[in-house]
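The values are calculated or read from the model by the stated rules, or taken from the named source; none is laboratory data. What you are looking at is a predicted structure, and each value in this text was computed from that prediction instead of being measured. Methodologically, a virtual Cβ is constructed for each residue, glycine included, from the backbone with ideal geometry; neighbour enumeration extends over all protein chains shown. Side chains included, ligands, DNA and RNA excluded: accessible areas come from the protein's heavy atoms. Shrake-Rupley method; radii C 1.70, N 1.55, O 1.52, S 1.80 Å.
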Amino acid sequence: MRVINIFPLSIFCNKIVLSNDKKDQMISEIRKMRDNSKKADYKKKGDAWTGDTQGFENLQKNIIFDEFFLEVKKNINEYLEQLAIDIDQLDIFIQRSWATISHGNETIAKHKHMQSHISFAYYLKKNSNDANLMIHDEVTRNEIIPGLFGSISSLNRKVLKKINILNSSQITINVKEDDIVFFPSKTPHSTQPTNSNEERISISADIVCIAKNSETLEHLTPPYDNWKKI
Ligand SMILES: [Fe+2]
């Protein structure tokens, strides 16, 4: 039998290779942010430290990260190219960007970034045992019996004999230090819950695409210059 897989979710992975000096500078800047957390009690036991919840959500405005964001820009262009989207008709903005730090079994629970278009995770400091990225599916187009694919009892009873790419509702993307992973912001994602992290540091950002010219365009966000604050 021939299987035709259609309507993919494409995760774009690449590497950003910075000098060790630059990475050390970024790491020490991020540790400083953690040490100056503005809402330390927001982080519960077992949660990773996430800069966006602690008052440090604008790494894109910090010159220490300029070199990194130059490389990000090249990758975004390539990502949009893969999707056959004309970058010349868009203004692209980093809307916000923040770091995360995970120690021990700290995790980031499943979430999505509803206010932006593209998100990424870049692994500034990660060893092979530190948690990987998990991507979750909400559509489950192949789930012919509703509830089957996420059902532990069906798996235990072997009604679902094994998990494979056709019936998975979550996939682990194995990532290494220096990797950057782009995905649609609306995609639910998390970190692996089972790993023990040494000091895993990642950087995330939310990116929006705005039309340079809205004439005859119905669906894109129109240019900011035409907005009127009321
Ligand atoms: Fe996220």
Original post:
Within region 94-107, how many residues turn out to be open to solvent by less than 20 Å² (accessible area, probe 1.4 Å), more than 11 Å from the ligand (Cβ to nearest atom) and polar (S, T, N, Q)?
Top reply: 2
Subject >> Single residue of LYS22, LYS73, LYS15 found to be within 22 Å of ILE135 (Cβ to Cβ) and either surrounded by 11 or more Cβ atoms within 10 Å (Cβ to Cβ) or touching a Pro at 6+ places or on another chain (Cβ under 8 Å) (or both) >> reply: LYS15
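Looking for whichever is in contact with a Pro (Cβ under 7 Å, 6 or more places away or on another chain) and not small (Gly, Ala, Ser) here; the options are LYS212, LYS229, LYS158. Which one fits? Spell out the reasoning first.
Working: LYS229 fails: in contact with a Pro (Cβ under 7 Å, 6 or more places away or on another chain); LYS158 fails: in contact with a Pro (Cβ under 7 Å, 6 or more places away or on another chain).
Residue meeting the stated conditions: LYS212.
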**OP:** Could you tell me which residue of region 160-174 is farthest from ARG2 (Cα to Cα), considering only residues that are open to solvent by 90 Å² or more (accessible area, probe 1.4 Å) and out of contact with any His (no Cβ under 6 Å at 6 or more places or on another chain)?
**Re:** ASN174
Original post:
Would you call ASN127 of a type outside the set (A, V, I, L, M), free of Cβ contacts under 8 Å to residues at least 12 places away in the same chain and farther than 23 Å from LEU9 by Cα?
Top reply: no
Original post:
If the Cβ limit is 9 Å and pairs must be 6+ apart or interchain, which residue in region 146-165 that is of a type outside the set (S, T, N, Q) pairs with which residue that is in a helix (DSSP H, G or I)?
Top reply: GLY147/SER154; LEU148/SER154; VAL159/SER153; LEU160/SER154; LYS161/LEU155; LYS162/LEU155; ILE163/LEU155
Original post:
Taking region 45-80, which residues are more than 21 Å from PHE12 (Cα to Cα), part of a helix (DSSP H, G or I) and out of contact with any strand residue (DSSP E or B) (no Cβ under 7 Å at 6 or more places or on another chain)?
Top reply: THR53, LYS61, ILE63, ILE64, PHE65, ASP66
Subject >> Residues being surrounded by 18 or more Cβ atoms within 10 Å (Cβ to Cβ), part of a loop (DSSP other than H, G, I, E, B), within 16 Å of the ligand (Cβ to nearest atom) and of a type in the set (A, V, I, L, M, F, W, C) - total across region 108-158 >> reply: 2
**OP:** Inspect all residues belonging to region 82-91 and state whether any of them is away from the ligand (no atom under 16 Å from the Cβ), modelled with pLDDT of 95 or more and within 21 Å of ASP66 (Cβ to Cβ).
**Re:** yes
Subject >> Filter pass, GLU81 being out of contact with any helix residue (DSSP H, G or I) (no Cβ under 9 Å at 6 or more places or on another chain) and either under 24 Å from GLN192 (Cβ atoms) or of a type outside the set (Gly, Ala, Ser) (or both) >> reply: no
Subject >> Subset of region 175-204 [surrounded by fewer than 22 Cβ atoms within 10 Å (Cβ to Cβ), in a strand (DSSP E or B) and among the charged types (D, E, K, R)] >> reply: ASP179, GLU198, GLU199
Original post:
Within region 35-57, how many residues turn out to be charged (D, E, K, R) and open to solvent by less than 70 Å² (accessible area, probe 1.4 Å)?
Top reply: 4
Original post:
Given the conditions (1) β-branched (Val, Ile, Thr); (2) open to solvent by 10 Å² or more (accessible area, probe 1.4 Å); (3) within 16 Å of the ligand (Cβ to nearest atom); (4) within 21 Å of LYS61 (Cβ to Cβ), which single one is not true for ILE207?
Top reply: (2)
